[in-house]
Each structure stands twice: as C-alpha cells, then as structure tokens.
1. Here are some residues: GLN127, GLN195, GLN119. Which one is within 29 Å of GLY240 (Cα to Cα), in contact (Cβ under 8 Å) with a residue 24 or more places away in the chain and not aromatic (Phe, Trp, Tyr)?
2. In the stretch 185-198, which residues are surrounded by 20 or more Cβ atoms within 10 Å (Cβ to Cβ) and in contact with a Lys or Arg (Cβ under 8 Å, 6 or more places away or on another chain)?
3. Of the conditions (1) assigned by TED's automatic domain parsing to the domain that holds ALA303; (2) in contact with a strand residue (DSSP E or B) (Cβ under 9 Å, 6 or more places away or on another chain); (3) modelled with pLDDT under 95, GLY248 satisfies every one except a single condition; which number is it?
4. Hey, among PHE215, PHE297, PHE220, PHE286, which residue is among the aromatic types (Phe, Trp, Tyr), under 13 Å from SER173 (Cα atoms) and buried (at least 22 other Cβ atoms within 10 Å of the Cβ)?
5. Are there strands (runs of 3 or more DSSP E) fully within the stretch 192-268 with at least 2 residues that are more than 22 Å from the chain's Cα centre (by Cα)? List them.
6. Can you confirm whether ASN51 is over 24 Å from PRO275 (Cα atoms) and either surrounded by 20 or more Cβ atoms within 10 Å (Cβ to Cβ) or at pLDDT 95 or above (or both)?
Amino acid sequence: MQKFIVELAKESDDLSLKRILCTTPMEGDIKVAFQREPSYFCALETAGKFNQTIVARDTKTNDVVGMGTRSIKPAYVNGEITPIGYLNSLRIDKRYRNRTLLNRGYTYFRQLHQDKRTQIYLSTIIQDNEKVRQLLTSKRVRLPLYHDIGECRTFAIKLVRKKRGFSKRIAVSKGTNNDLGGIVECLNRNGKEKQFYPYYTKADFRSDKRYLKDFKIEDFYVARVQGKIVGVIGKWDQSGFKQTLISGYSRKIKLIRPVYNHVAKIFKYPQLPEPGKHLTFFYVSFIAIDDNDPNIFAALVRALYNDSVDSKYSYMMIGLFQKDPLLSVIKQYASIEYKSRIYVVCWDDGEHVFKTLDGRIPYLEISTL
C-alpha cells in the first residue's frame with residue numbers, strides 16, 4: 001500500500017489545513033504565519049470564483065501532511081477578460097518534506113488542469129526564500145514552468161499620525177450605493193490597462209459577496225475631478241476570516257531588532273513586532289487610477305490613511321509591481337517592506353499565452369493571495 005495519497009480536500013480536513021498553514025510560515029528574514037479562523041474554507045472563497053484545495057494524506061495515520069490550492073477567476077490579460085489561475089498555499093509538513101511528495105502534488109495539479117478552466121496561473125514566492133525559488137524554477141520533471149516576470153513590493157504602512165491633505169482639485173469621498181456603477185466602470189476601465197487585474201461586475205458587490213467577503217460599498221474611497229470618478233481604492237479588513245502573525249525572525253534580524261526598534265520608536269517608524277503577535281491591518285485593495293496618475297492615488301491614500309490613524313489598526317498593506325509609477329506615493333509614509341517574485345506558471349498548453357503577454361504593468365490583488 002502506498003504511503004501517501006494526493007486528493008481533493010474535504011470539509012472534515014478544515015482543522016488539519018489550518019494547522020499546516022499556521023505551522024509552516026513563509027520563510028525569510030521576517031517569518032510570517034497565516035491563520036484561517038473560523039474556517040479555512042470560508043477564507044478560501046475570496047481567492048477566486050472557483051477554488052480547489054489538494055491534500056497529501058499519510059495512508060497509515062490519515063494525517064494531512066501537505067496542501068496546495070488552485071483558484072481561478074476572470075482577469076484582464078492583454079486587455080481581454082480571461083480566466084486566470086493562481087497556485088497558492090503550497091505547504092508540506094516539515095516532518096515529511098521531500099521532492100517526491102512535491103512532484104506528486106504537481107502531478108495532481110496537472111490532472112486538475114485538464115478541466116481547461118484556464119491556461120496560465122500566477123504564483124508568488126517570497127524573495128528571501130531562495131531555496132523554494134530554486135526548487136520550483138528548476139524545470140524538474142512533473143513541475144510546470146515558472147516564468148519570473150518581476151517583483152511585487154508589499155508595504156506595511158504604519159498608521160502613526162495624520163498628514164496634511166492633498167490637492168483640493170481632487171475630491172475624495174467614501175463610496176455609496178449610487179456610486180456602484182461608476183466605481184465598477186472605473187475598476188474595469190483601468191483594470192484592462194494592467195496585466196492580470198481582476199474583472200468585476202456590480203453583482204460581485206451586491207450578492208451575498210462570499211467572493212468579496214466583509215467588503216462593503218462604503219469601504220471604497222472615490223476620487224473625483226469636476227464630478228467625474230477618476231480613481232478608487234478600497235479598505236478591506238479581512239481579520240474576520242484571515243489572520244497574520246509574525247512567527248519569528250532570521251538570526252540576522254534577531255540581532256539587530258532591539259537596536260532597530262529603539263531607533264524606530266524615537267523617529268516614529270514602524271517597529272518589528274514580537275514573535276507570535278498578530279498584525280492588526282487592512283488591505284488597500286481595488287486600486288484603479290485613471291492614467292495611473294500618482295497624484296490621484298496620493299489623494300486617495302492620504303484620505304484613507306488619515307481616516308485610519310487612531311483606529312484599531314496598526315498598519316495598512318499596499319502591494320504594487322516594481323515598475324508601477326504609483327510606487328512613488330509610498331515614499332511619503334513610514335513602512336516595512338517585503339518583496340516577492342511573481343511567476344507566470346504554465347504547462348505546455350499555456351506557453352503560447354505567456355509568450356504573447358504584452359508590456360502592461362502587472363497587478364496582483366494581494367488581499368486575495
């Protein structure tokens with residue numbers, strides 16, 4: 001009898017999936033662990049409109065020793081609405097790590113891929129995690145091809161004190177139900193100008209919203225010039241179903257952390273939290289800015305930032321591609337940055353799609369990763 005089987009996860013695996021996610025942190029100088037309370041499957045609903053989780057199971061103990069997810073949603077590829085996948089939450093219990101189990105997991109992913117729901121996938125790997133990056137990009141038999149397309153820069157902006165407002169030419173207000181049509185039009189108008197930006201409909205924001213769980217229309221910040229909507233961002237608090245904690249630091253960071261935190265406290269910069277502490281934050285999501293204008297983005301971020309100072313949140317999280325001009329706005333804020341590499345992942349039937357990708361700036365909705 002084979003020692004492991006790979007299959008689709010069951011609802012009864014919920015506790016095991018939560019355990020693996022929490023006990024296998026993202027490696028790097030800052031080790032981040034993820035919790036999914038009250039339910040792993042509840043949190044998974046925001047990853048895509050079609051989601052599958054696979055598990056590797058020890059046949060002797062019935063324990064789940066590995067996992068991974070495949071999520072698919074409509075997004076813009078070269079300006080056209082296209083189903084695109086995301087491979088995420090690839091984890092193997094430390095006691096069982098070996099390349100054979102990894103290969104079997106990808107073999108099963110390839111079997112699922114035969115449903116032809118998509119041709120290409122996205123995936124991200126923390127830049128510090130060189131061991132995993134080298135393994136997954138090794139072109140080993142059974143692994144798909146991982147094409148590195150650049151860097152996603154994510155910033156935890158510390159909410160410390162309010163800042164002066166921005167140009168009065170740009171009026172910023174919170175979203176209302178009356179704004180929904182204009183907001184969705186703005187999302188898609190600008191989304192098609194970026195690579196991999198999710199496609200949205202009004203129904204996504206009006207239905208039971210399992211896909212956009214806990215996000216409300218009034219969580220949008222809307223920028224207008226002469227009454228016209230020219231940009232939007234959203235404030236998405238996902239702590240009701242997804243939690244993040246610092247599980248530890250590399251030896252180098254452990255040594256410098258006390259000194260760094262002392263200096264950071266004096267200058268009111270973000271400090272490195274104690275290991276085991278939950279981060280209280282929200283995501284800056286649904287970033288859609290006419291002409292990718294940093295001035296419009298700056299006005300929106302400033303309004304959201306000022307509204308969130310002296311609240312229950314310590315940070316707001318923003319993720320942008322390394323070449324996005326909007327990054328210039330982040331320099332105005334004290335933040336902790338971490339970097340990930342973005343990969344287009346494909347089997348043989350997706351290679352031609354990868355080769356046709358044009359020069360649009362990629363966009364990842366980090367709140368759904």
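1. Numbers: GLN195 fails: within 29 Å of GLY240 (Cα to Cα); GLN119 fails: within 29 Å of GLY240 (Cα to Cα).
After ruling out the rest, the residue left standing is GLN127.
2. Filtering the stretch 185-198 for residues surrounded by 20 or more Cβ atoms within 10 Å (Cβ to Cβ) gives 186-187, 190-191, 194-198.
If the condition is that a residue be surrounded by 20 or more Cβ atoms within 10 Å (Cβ to Cβ) and in contact with a Lys or Arg (Cβ under 8 Å, 6 or more places away or on another chain), then LYS194, GLN195, PRO198 are the ones that fit.
3. (1)
4. Details: PHE215 fails: under 13 Å from SER173 (Cα atoms); PHE297 fails: under 13 Å from SER173 (Cα atoms); PHE286 fails: under 13 Å from SER173 (Cα atoms).
Going through PHE215, PHE297, PHE220, PHE286 in turn, the sole match is PHE220.
5. The qualifying strands (runs of 3 or more DSSP E) are 220-225, 228-236.
6. Values: over 24 Å from PRO275 (Cα atoms): yes; either surrounded by 20 or more Cβ atoms within 10 Å (Cβ to Cβ) or at pLDDT 95 or above (or both): yes.
The answer is yes for ASN51.
The values are calculated or read from the model by the stated rules, or taken from the named source; none is laboratory data. Everything numeric here is computed off the predicted structure, so don't read it as measured data. Cβ sites come from the backbone with ideal geometry, for glycine too, and all protein chains shown count toward neighbours.
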